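The values are calculated or read from the model by the stated rules, or taken from the named source; none is laboratory data. Worth saying up front: this structure is predicted, and the values here are computed from it rather than measured. For neighbour counting, all protein chains shown are included, and Cβ atoms are generated from backbone atoms with ideal geometry for every residue, glycine included.
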Amino acid sequence: MKVRLLFTFLLFLLLSLPVFSVYHRGGHSRGVLSQNQLDQVSPRVILPVYIRLQALEKGNVTLWESIPQNFTDHVAAIDSSVVAMFVSSNSVGFNLSRDSVGNLWMVANYSLKAGDYFSTMAWVTSETVSENLTSIGSVPFTQNYPEDVKLFLESGRKIDAGNETIQTLAANLNQAQNNMTQTVKNILDYVNRQGYDRNKTRQLLSGNLNTTDMLDVFKDALEVHDTNSSICLERSWYAAAILRAVGVPTRTVTDVRLKTWIQVWLPNVGWVDAETLCVEPALHVVTLPKSVSAHVPWMIENSSDAAFPFTWLPKVPLRVANLTFAQVEFFDVSQYQTVLSRPVKAELFKNDSAKFRFPIGVKSEVIYGAVTEEESNLVFSVFKGKENASEVLALGEYNSIVLGDTAVSFKPRLQEGFLVLQGFTVQDVWMFDYRILFPIVGVIVVLLVIWLFTRRSRHGS
């Protein structure tokens, strides 16, 4: 009899496994996407911008990060949009701010213990609206610069255009004294002969960089001149310092892959992408203008101080754990409870929905979210496979959208053209699953068979 009861119990456990696998999931969906799954999330449609930092001691830190935005110059017009930007759940405050040259910054406050991580994760979509690679002929120097352009003739922290060594070098390179175009080509040809510092690039992307200030990691223009070695960011500052010293307004642009190049301002032409300066050139050929249609701009550098696309205050020791998405093993949506999203017109979304959906979790397949603007309403939609659910949002109140066994909740508000979703959570919801009936019916049948067998055995004896 004991053997029969043991057999019955084991059979019950075996038949109950489907139930446990369906219902033993916990209250909060971790939303973990493996790297392979993320590689399949429209890799050529939306690009990731990822930053992960670690505090090396206890303290309060404010992270400033430039938000990618639309970009127009003489060469190209790039329509760039932040589909979603996730901010660490341990953020204790959040805001958006613009600087004097129009860069939009995300500002988040953290109270950290030694060893705590904090991060941001953005999905950016872009397309080149127009491109103009028409050759630019001789352009004479001018003294009549627009006020917003004069800023880019000034010295900055890493661009010391007034330094005596830089001034002397600039005078020697300015042989075409009344031709800005040729002067730019001469200076860039000189700068591009520098050695490329591959060790600096490896250090920056290794995940083992400890620093109190990102700018201290990089050489200024004079240090680049003295060492004859640089990476794209440092080389761009060096070129900018020399060009400003001869009277050519120059600024730098950094893209989402952390590549940096320069732009020069020419009278009756405008800002021109002169040279990307991103990788060690196989052949030192300077072209003007330079195509940037493949790049997604992250920020345009301020003229008064050479700023990296992100920084933190006060200057406390941090470990720059990750700057490239390729080094990330998992994306866990539960680590981010503030999400920014720029609403997209419903008609545009309908025509190309894959371009404006962002991942918010995964179970058996990736779950996506999207924010659309329909007439005067803002709508949040959830997509899973061929299923979807949408809700018109109520600003300033907690909203919840349920799709199958997934519920997405948040409190939305508008700021600087972004919908800020606070308290963002993705959770499992209980739903009746008919599969629970199979093990129950199976157990009943087994017990009935055993009971009949036992009864027959007793009568037989």
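Brief remarks on what is shown
- For the stretch 143-160, the set of residues classified as in contact with a strand residue (DSSP E or B) (Cβ under 9 Å, 6 or more places away or on another chain) and in a loop (DSSP other than H, G, I, E, B) consists of Tyr145, Pro146, Ile159, listed by residue number.
- Count of the stretch 56-75 residues which are aliphatic (A, V, I, L, M), more than 14 Å from Trp105 (Cα to Cα) and either at pLDDT below 90 or buried (at least 22 other Cβ atoms within 10 Å of the Cβ) (or both): 1
- When Asp197 is tested against the conditions (1) touching a strand residue (DSSP E or B) at 6+ places or on another chain (Cβ under 8 Å); (2) under 30 Å from Val61 (Cα atoms); (3) among the acidic types (Asp, Glu), the lone failure is (2).
- Matching strands (runs of 3 or more DSSP E) fully within the stretch 357-397 where at least 2 residues are among the β-branched types (Val, Ile, Thr): 358-362, 366-374, 377-384
- Residues of the stretch 398-420 classified as in contact with a Gly (Cβ under 9 Å, 6 or more places away or on another chain), within 13 Å of Ser341 (Cα to Cα) and either not in a strand (DSSP E or B) or not charged (D, E, K, R) (or both), total: 2
- Where strands (runs of 3 or more DSSP E) fall entirely within the stretch 297-347, those with at least 1 residues that are at pLDDT 85 or above and aromatic (Phe, Trp, Tyr) are at 297-300, 310-313, 336-341.
- The residues listed here are Asp213, Asp255, Asp226, Asp220; of these, the one that is under 30 Å from Ser293 (Cβ atoms) and charged (D, E, K, R) is Asp255.
- Unique match (being loosely packed, with under 13 Cβ neighbours inside 10 Å and either part of a strand (DSSP E or B) or among the acidic types (Asp, Glu) (or both)) among Ser135, Ser111, Ser130, Ser119: Ser130
- Checked against (1) surrounded by 13 or more Cβ atoms within 10 Å (Cβ to Cβ); (2) in contact with a helix residue (DSSP H, G or I) (Cβ under 8 Å, 6 or more places away or on another chain); (3) over 30 Å from Ser364 (Cβ atoms), Leu104 meets all criteria but (2).
- Check on Gly396, more than 23 Å from the chain's Cα centre (by Cα), within 19 Å of Lys363 (Cα to Cα) and modelled with pLDDT of 75 or more: no
- Conditions (1) modelled with pLDDT of 95 or more; (2) more than 22 Å from Leu153 (Cβ to Cβ): number failed by Arg244: (2)
- Check on Phe325, surrounded by 15 or more Cβ atoms within 10 Å (Cβ to Cβ), under 18 Å from Val408 (Cβ atoms) and in contact (Cβ under 8 Å) with a residue 12 or more places away in the chain: no
- Scanning the stretch 332-351 for residues that are within 20 Å of Glu375 (Cβ to Cβ) and of a type outside the set (Lys, Arg) yields Ser341, Pro343, Val344, Ala346, Glu347, Leu348, Phe349, Asn351.
- Of all residues in the stretch 209-245, those satisfying the criterion of being surrounded by fewer than 24 Cβ atoms within 10 Å (Cβ to Cβ) and farther than 24 Å from Thr62 by Cβ are Lys219, Asp220, Leu222, Glu223, His225, Asp226, Thr227, Asn228, Ser229, Cys232.
- Residue ID - nearest to Lys150 (Cα to Cα), chosen from residues in the stretch 200-230 that are touching a strand residue (DSSP E or B) at 6+ places or on another chain (Cβ under 7 Å) and in a loop (DSSP other than H, G, I, E, B): Lys219
- Against the criterion of being assigned by TED's automatic domain parsing to the domain that holds Asn103, surrounded by fewer than 14 Cβ atoms within 10 Å (Cβ to Cβ) and not hydrophobic (A, V, I, L, M, F, W, C), Ser353 does not qualify.
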